[in-house]
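The values are calculated or read from the model by the stated rules, or taken from the named source; none is laboratory data. Because the structure is a prediction, the values reported are computed rather than measured. Here the Cβ positions follow ideal geometry from the backbone for every residue, glycine too, while neighbour counts run over all protein chains shown. Heavy atoms of the whole protein, side chains included, go into the accessibility calculation; ligands, DNA and RNA do not. Shrake-Rupley method; radii C 1.70, N 1.55, O 1.52, S 1.80 Å.
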Amino acid sequence: MIAIIDYDAGNLKSVEKAFAALGLEAIATRDHKEILQADQVVLPGVGSFGNSMDQLRKYELDKVIGEVVEKHTPFLGICLGLQLLFEGSEESKGVEGLGILEGEIVKIPDKPGLKIPHMGWNSLSFPRPGRLFEGIEEGVYVYFVHSYYLKAREESIVRAVTEYSTALPVSVEKNQVFACQFHPEKSSSMGLKMLQNFARTGGDDKCLPKD
């Protein structure tokens, strides 16, 4: 079972439907026991960094996420879910993130002719192999909605990059922690392929439908 963390940050239904389209069992929940017993855990999210951290702490889900990561349960952050994994964001100065990965979230720089927030389809390049992108060719287009992007301290964790005003790291992988700034659940068949690849990261394919 895949647990989708519900902390009132929206975007849960589209993620749940994407996994269902793959024949995978996924539930939106904030129940600590269900999350800790899940085979994989997903943290989606839209909204502000500070408010979302407040919501995670309100339900003590920050602690649960820490336990999930310590157990090496495969964990996927999507959009704001990627940003929250890091130490802080220019959007909400003084608010500490989850700090699971090292780095900060900064504003996409202005550039003539480009609108912020960045909304729409952009192609990916893969500076390093990533398990989310197995069987996916470089140049694949995925869907974005964001105004802030990641500056990771460890360059080695960056698995995908896109160009928008500057080079934006948009997917990371470290141990069993994965995250993407774009929305795989809204990125057509290739996005679903990425979610299917994530469902295989537990090593025993328990969540995958049987042939």
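Some values worked out for this structure:
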{"item": "Long-range amide H partners of His118 with built H, under 5 Å", "result": "His146, Ser147"}
{"item": "Residue pairs, from the table Lys71/Lys93; Lys93/Lys115; Lys93/Lys174, whose Cα atoms sit over 28 Å apart", "result": "Lys71/Lys93"}
{"item": "Taking only Cα atoms of the range 108-211, radius of gyration then Dmax in Å", "result": "14.3, 51"}
{"item": "Order by protection proxy (mean Cβ within 10 Å, highest first), peptides 120-128, 144-152, 12-20", "result": "144-152, 12-20, 120-128"}
{"item": "Kirkwood Rh in Å, taken over all unlike Cα pairs in the range 104-144", "result": "12.5 Å"}
{"item": "Cleavage-rule hits, trypsin sites (Lys or Arg not before Pro), the range 74-141, DSSP coil, Cβ neighbours within 10 Å at most 15", "result": "Lys93, Lys115"}
{"item": "Debye log10 I(q)/I(0) for the range 8-162, one point scatterer per Cα, at q = 0.08, 0.14, 0.17 Å⁻¹", "result": "-0.24, -0.78, -1.18"}
{"item": "Percent accessible area from carbon and sulfur atoms, the range 66-130, protein chains only, probe 1.4 Å", "result": "49 percent"}
{"item": "Net length gained if the chain between Ser147 and Ser188 were fully extended (0.36 nm per residue, minus Cα distance)", "result": "12.5 nm"}
{"item": "Highest-first arrangement of 27-33, 159-165, 61-67, 134-140, where packing means the average Cβ count within 10 Å", "result": "159-165, 61-67, 27-33, 134-140"}
{"item": "Fraction in percent of alpha-carbon pairs per bin - 5 Å, the range 90-166", "result": "3, 12, 21, 22, 22, 14, 5, 1, 0"}
{"item": "Straight-distance crosslink candidates among lysines, where the alpha carbon sits under 25 Å from Lys17 and sequence neighbours closer than 8 are dropped", "result": "Lys33, Lys186, Lys193, Lys206, Lys210"}
{"item": "Total charge dipole magnitude, the chain, about the Cα centre, Cβ charges on Lys, Arg, Asp, Glu only, Debye to nearest 20", "result": "320 debye"}
